[in-house]
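Read-outs: derived from the displayed coordinates by stated rules, not from any lab. Because the structure is predicted, anything quoted here is derived from the model rather than measured. Neighbour counts run over all protein chains shown; Cβ positions are idealised from the backbone, glycine included.
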Amino acid sequence: MTRHWSPLALVYLGLAIAGLVGTWWFNALAIIQLRDFIGDLTASGPAVSSITVDLLVVAVAGSVFLIVEARRLGMRFGWLYVAASGITAFAFTFPLFLAMRQRRMNQLAAASE
């Protein structure tokens, strides 16, 4: 069974564990402190930290996927999507990458016919 765990799979697994521990640490802290989780979203507190960890882990995992998938499909400048997310937002660059990825996959499928 361990032979199916590639280095990339282990990176994603590590990020999943970091996401679980990081978010639930702050969620548990909010519960212990009897915080208003929704109210803290507009002010400050463990809820904001939980969401920050959540989004950070998703952005890192998405960036790893983006770079690996771009290389796999022969898409040039895959790293540029990650770099551009620092200027714009990952919420913009990741869906943009997915659109360009689909375009590339359609292009490869048409070329193989």
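Return the loop-located trypsin sites (Lys or Arg not before Pro) in the stretch 45-111 (DSSP other than H, G, I, E, B) with at most 10 other Cβ atoms within 10 Å of their own Cβ; answer none if there are none.
76
Out of these labelled values of Kirkwood radius over Cα pairs in Å, (i) 16.7; (ii) 14.8; (iii) 16.3, which was calculated from the coordinates shown here?
Computed from the coordinates, Kirkwood radius over Cα pairs in Å corresponds to (iii).
Can you give the longest run of the chain that contains no chymotrypsin sites (Phe, Trp or Tyr not before Pro) sitting in a DSSP loop with at most 13 other Cβ atoms inside 10 Å?
With chymotrypsin sites (Phe, Trp or Tyr not before Pro) excluded where exposed in loops, the chain gives 6-76 as its longest stretch.
For the stretch 80-95, in order, what is each residue's ³J(HN,Hα) by Karplus, 6.51 cos²θ - 1.76 cosθ + 1.60 with θ = phi - 60°, in whole Hz (x at glycine and Pro)?
5, 5, 5, 4, 5, 5, x, 8, 9, 6, 5, 5, 9, 5, 5, x
Please list, in order along the stretch 23-28, the HN-Hα scalar couplings obtained from phi with the Karplus expression 6.51 cos²θ - 1.76 cosθ + 1.60 (θ = phi - 60°), rounded to whole Hz, x for Gly and Pro.
6, 6, 4, 6, 4, 5
Output the relative contact order of the chain, whole-number percent, from Cα pairs under 8 angstrom with separation of 6+ residues.
Once divided by the residue count of the chain, the mean separation gives 19 percent.
I need the phi-derived Karplus couplings for the stretch 4-10: 6.51 cos²θ - 1.76 cosθ + 1.60, θ = phi - 60°, integer Hz, Gly and Pro marked x.
8, 8, 6, x, 5, 4, 5
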